[in-house]
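Below is one structure, written out as structure tokens; comments come after it.
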Amino acid sequence: MTDAGADVVIRGGTVVNDGWQAPATVCVSGDRITYVLAADEPLPSTHSDTRVIDARGQLVIPGGVDPHTHIGMSLGDYTTKDGYPEATTAALWGGTTTVVDFAIPSPGQSPLEAVERRLAQASGGRCDSGLHACVVDWSKDIPEQLRAIAARGVRTVKLFTTYRDVVMAEAATILRVMEVLRDIGGLAYVHAEANHLIEDRQDARALEGRISAMHHCETRPELAELSAVQQVLATAEAVDVPVYFVHQTTPAAIDAVRAARGRGARAYTETCPHYLTLSSDVYAGSAPELFVCCPPLRDRAAVSAVVGRTLAWAVDTVGSDHCCYDTAQKRAESFDVRAMPNGLPGVETRMPVVFTELVAQRGLPVERFVALTSSNPARLNGLYPQKGVLAPGSDADIAVIDPHESRVVRAAELHMATDYTPYEGRRLVGWPTTVISRGRIVVSGGKFTDPGTVGRALQSKPISQRALLC
Ligand code: URP
Ligand code: ZN
Ligand code: ZN
């Protein structure tokens, strides 16, 4: 603590970290947490401007760390509607204080150039952000580029096994990138769907005239996900590199990762709020295009199984996979899922959707909610304990959430740069009443105080050679 005393004191609430909760007081000086005190301990010194936040009846948690966003992403012919200012503002409204985005090279751009461009864009952020690099094609200078990227604090590399002719990496490229990542303390971040199985299905469905948004889930079968997960797991185990599977949607794929973990592999599973709460029933509804994402939403049995595995600790993180397309973009080519933009907006709703579905409705311990939405994403991205924990010395990224107050989701009342939400009309609990981002109170009393372009590009520490999570 500095001599000047605490700038912010949050008292009266239940402080929750991954692994424990207790009635406690959190003190902030400048942009750091200085004390986490038992509720009956005397307060440290304060000053005349100290803000005291009364958190009685509320949970005080580490600000969310969203490990998977696509801010201002151009993939194929479409670009999402937001930039760092809009997406990070929406994140803060929803209790997320760190986003980790992707530097996906545009055609002809190198991974290093893509990272440098993204790092410059990130300076427009209202909160801190991390970055994943992305390799599409192998070339002999990739190892050197990945070392240069690591020197800029980026140690996670996205590899897609699908989206041929756009960002798909061949199996041999994945192997070689993994070998470099092993040597530089990196982590492979993988979108696993077997492209040949998808294209085969798409071709067949197109011949039958069944290729519009309402047929989306038929074109990307569960088996395609499992097949790619198994192949990538085998490669990662052969290389002995940590591997993280983004947006897992099926029990079989999650089980494959869990079995690898049991063999000692450093393999990790992410799922997304939509795979926990929405089923493929929506593709038979009036606006199937608004729910087109890859992998697709699955049937109710799969959703229920993914929820069950998340409750049973078989899932490590929940990322939003935020893609801020609007209705017009989703509708423009909804007659052909091969051409339309995929992905759902969700950086703002991630925390309340997960809190409602898992904690409020199914009894997930709130400590595990913190692990899934903040601590584990921070650990896996080399950001812990700077992010993902309320502890002295950590960044003062804090969300105070009221576990009981509910609000009905309306796109018009959200802050993402789009005109729809997949959760329209749902009643959710777990919205933040106060959000503090590096010591600044940005959300309070239903109002947002814009901190300006204060977001830093975070430096990821080398990913440990030991198991990152149990
Ligand atoms: O449908 C999705 N998820 N679109 C965004 C890109 C990706 O595959 O993560
Ligand atoms: Zn993906
Ligand atoms: Zn994604």
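The values are calculated or read from the model by the stated rules, or taken from the named source; none is laboratory data. Bear in mind the structure is a predicted one, so any value in this text is a computation, not a measurement. Here Cβ is always computed from backbone atoms with ideal geometry, including for glycine, and neighbour counts include all displayed protein chains.
For segment 312-329, the set of residues classified as in contact with a Phe, Trp or Tyr (Cβ under 8 Å, 6 or more places away or on another chain) and not aromatic (Phe, Trp, Tyr) consists of Asp316, Thr317, Asp326, Thr327, Gln329, listed by residue number. Based on this model, can you work out whether Asp101 counts as of a type in the set (D, E, K, R), under 28 Å from Phe369 (Cβ atoms) and within 16 Å of ligand 1 (Cβ to nearest atom)? Spelling it out, Asp101 is indeed of a type in the set (D, E, K, R), under 28 Å from Phe369 (Cβ atoms) and within 16 Å of ligand 1 (Cβ to nearest atom).
Restricting attention to segment 237-250, the residues that are within 17 Å of Thr317 (Cβ to Cβ) and either aliphatic (A, V, I, L, M) or more than 14 Å from ligand 2 (Cβ to nearest atom) (or both) add up to 4.
Okay, residues lined up against (1) touching a residue at least 60 places away in the same chain (Cβ under 8 Å); (2) within 16 Å of ligand 2 (Cβ to nearest atom):
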residue	(1), (2)
Val167	yes, yes
Ala172	no, no
Arg182	no, no
Ala188	no, yes
His196	no, no
Asp203	no, no
Val229	no, yes
Asp255	no, no
Gly262	no, no
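Of all residue pairs spaced 6 or more apart or on separate chains, those with beta-carbon atoms under 6 Å, a first member in segment 68-86 that is more than 17 Å from Arg350 (Cβ to Cβ) and within 16 Å of ligand 2 (Cβ to nearest atom) and a second member that is modelled with pLDDT of 95 or more and not in a loop (DSSP other than H, G, I, E, B) are Tyr78/Gln329.
Scanning segment 260-282 for residues that are of a type outside the set (A, V, I, L, M, F, W, C), over 19 Å from Leu233 (Cβ atoms) and surrounded by fewer than 24 Cβ atoms within 10 Å (Cβ to Cβ) yields a total of 4.
Taken over segment 283-301, residues that are aliphatic (A, V, I, L, M) and buried (at least 20 other Cβ atoms within 10 Å of the Cβ) amount to 3.
Conditions tested, residue by residue: (1) within 16 Å of ligand 1 (Cβ to nearest atom); (2) β-branched (Val, Ile, Thr); (3) more than 24 Å from the chain's Cα centre (by Cα).
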{"position": "Leu233", "(1), (2), (3)": "no, no, no"}
{"position": "Asp240", "(1), (2), (3)": "no, no, yes"}
{"position": "His247", "(1), (2), (3)": "yes, no, no"}
{"position": "Thr250", "(1), (2), (3)": "yes, yes, no"}
{"position": "Ile254", "(1), (2), (3)": "no, yes, no"}
{"position": "Ala259", "(1), (2), (3)": "no, no, no"}
{"position": "Gly264", "(1), (2), (3)": "no, no, yes"}
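Take the residues in segment 236-249 that are without any contact (Cβ under 8 Å) to a residue 60 or more places away in the chain and buried (at least 24 other Cβ atoms within 10 Å of the Cβ), then tell me which one is nearest to Phe160 (Cα to Cα). Residue satisfying both the conditions and the ranking: Phe245.
To keep it simple, each residue is scored yes or no on (1) within 30 Å of Phe335 (Cα to Cα); (2) crowded, with 18+ Cβ neighbours inside 10 Å.
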site	(1), (2)
Val154	no, yes
Asp183	no, no
Ala188	no, yes
His191	yes, yes
Gly209	yes, no
His215	yes, yes
Glu218	yes, yes
Ala224	yes, yes
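Scan segment 4-23 and tell me whether some residue there is in contact with a His (Cβ under 7 Å, 6 or more places away or on another chain) and of a type outside the set (Val, Ile, Thr). Within segment 4-23 (the criterion being in contact with a His (Cβ under 7 Å, 6 or more places away or on another chain) and of a type outside the set (Val, Ile, Thr)), the answer is yes, since at least one residue qualifies.
Every residue, every condition in (1) over 26 Å from His415 (Cβ atoms); (2) outside any helix (DSSP H, G or I); (3) not charged (D, E, K, R), yes or no:
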residue: Pro23; (1), (2), (3): yes, yes, yes
residue: Val26; (1), (2), (3): no, yes, yes
residue: Tyr35; (1), (2), (3): yes, yes, yes
residue: Glu41; (1), (2), (3): yes, yes, no
residue: Val60; (1), (2), (3): no, yes, yes
residue: Pro85; (1), (2), (3): no, no, yes
residue: Thr98; (1), (2), (3): no, yes, yes
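In segment 357-387, of all residues being over 14 Å from the mean Cα position of the chain (by Cα) and of a type in the set (A, V, I, L, M), the one that is farthest from Leu468 (Cα to Cα) corresponds to Ala360. The listed residues are Val52, Val115, Val135, Val157, and the only one of them that is touching a residue at least 24 places away in the same chain (Cβ under 8 Å), hydrophobic (A, V, I, L, M, F, W, C) and under 22 Å from Asp316 (Cα atoms) turns out to be Val157. In summary, no strands (runs of 3 or more DSSP E) completely within segment 172-280 bear 2 or more residues that are more than 29 Å from Ala150 (Cα to Cα) and of a type outside the set (Asp, Glu). Taken over segment 305-332, the criterion of being in a helix (DSSP H, G or I) and either within 12 Å of ligand 1 (Cβ to nearest atom) or of a type outside the set (Val, Ile, Thr) (or both) is satisfied by Ala305, Gly308, Arg309, Leu311, Ala328, Gln329, Lys330, Arg331, Ala332. Within segment 343-362, if we keep just the residues that are in contact with a Leu (Cβ under 9 Å, 6 or more places away or on another chain) and of a type in the set (S, T, N, Q), the residue that is farthest from Thr79 (Cα to Cα) turns out to be Thr356. Within 16 Å of ligand 1 (Cβ to nearest atom), farther than 30 Å from Thr25 by Cα and modelled with pLDDT of 95 or more - does that describe any residue in segment 51-66? Among the residues of segment 51-66, not one is within 16 Å of ligand 1 (Cβ to nearest atom), farther than 30 Å from Thr25 by Cα and modelled with pLDDT of 95 or more, which makes the answer no.
If you check Asp326, Asp321 for being crowded, with 24+ Cβ neighbours inside 10 Å, at pLDDT 95 or above and closer than 21 Å to Glu413 by Cα, only one passes: Asp321. Scanning segment 270-318 for residues that are hydroxyl-bearing (Ser, Thr, Tyr) and within 15 Å of ligand 3 (Cβ to nearest atom) yields Thr271, Tyr275, Thr317. Scoring Asp77 on the criteria (1) over 30 Å from Ala103 (Cα atoms); (2) at pLDDT below 95; (3) touching a Pro at 6+ places or on another chain (Cβ under 9 Å); (4) not hydrophobic (A, V, I, L, M, F, W, C) leaves a single failure, condition (1).
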